[in-house]
Amino acid sequence: MNHGTSPNLVDSYSAFYDNGGFRHTELHDKLQEAGIDALIITGLARNYCVYYTAMDAKRLGYETYVVLDATRPVTKATGDSTVADMQIKGIQIIESPDVAGVIVQLTSDANYLHSTFILMISIILGFFKCL
């Protein structure tokens, strides 16, 4: 996947699209090809890359989880407001001890029997330019 590599220097906070939403990465296509329909997202920075990736994932129809204690915001105020917004949009906010239970739930849920694939996305500042 090429993220944040637009030749037009358009930055990318989301792992799915550039900031303008004009170009998409290969991520959605690859997830669909693999039959992945649930994402567990961690990384930096909660109020930029994690937030926009989670919002795009939800909008694209993925069951979306953000592991709160495996993210860090740039500032507490914006970190808190993005968590509230993600919850309003139906993104599940969990803690790291909950991850195994979520995976068990998703893989045993009748809605997911056709696909037991779950992807955990870790957004690492070194790979994705967020700041």
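A Cβ distance below 6 Å, combined with a sequence gap of six or more or placement on separate chains, defines the contacts here; from the range 23-36, residues that are touching a residue at least 40 places away in the same chain (Cβ under 8 Å) reach residues that are in a loop (DSSP other than H, G, I, E, B) in the pairs 34/117; 35/115; 35/117; 36/117. Which ones in the range 1-36 are under 15 Å from residue 59 (Cα atoms) and at pLDDT below 65? Across the range 1-36, the qualifying residue is only 21. Filtering the range 59-82 to residues that are within 16 Å of residue 13 (Cβ to Cβ) and in contact with a helix residue (DSSP H, G or I) (Cβ under 8 Å, 6 or more places away or on another chain) leaves 60, 64, 66, 71, 72, 73, 74, 75, 78, 79, 81, 82. The listed residues are 82, 64, 42, 53, and the only one of them that is in a helix (DSSP H, G or I), within 18 Å of residue 17 (Cα to Cα), modelled with pLDDT of 90 or more and polar (S, T, N, Q) turns out to be 53.
Filter the range 85-105 down to residues that are in a helix (DSSP H, G or I) and among the β-branched types (Val, Ile, Thr) and give me whichever is nearest to residue 55 (Cα to Cα).
88
Residues in the range 86-127 that are at pLDDT 85 or above, surrounded by 14 or more Cβ atoms within 10 Å (Cβ to Cβ) and either farther than 19 Å from residue 60 by Cβ or over 14 Å from the mean Cα position of the chain (by Cα) (or both): 94, 98, 99, 102.
The values are calculated or read from the model by the stated rules, or taken from the named source; none is laboratory data. Computed from a prediction, not measured in an experiment: that's the story for all the values here. Positions of Cβ are generated from backbone atoms using ideal geometry, with glycine treated the same way; all protein chains shown enter the neighbour counts.
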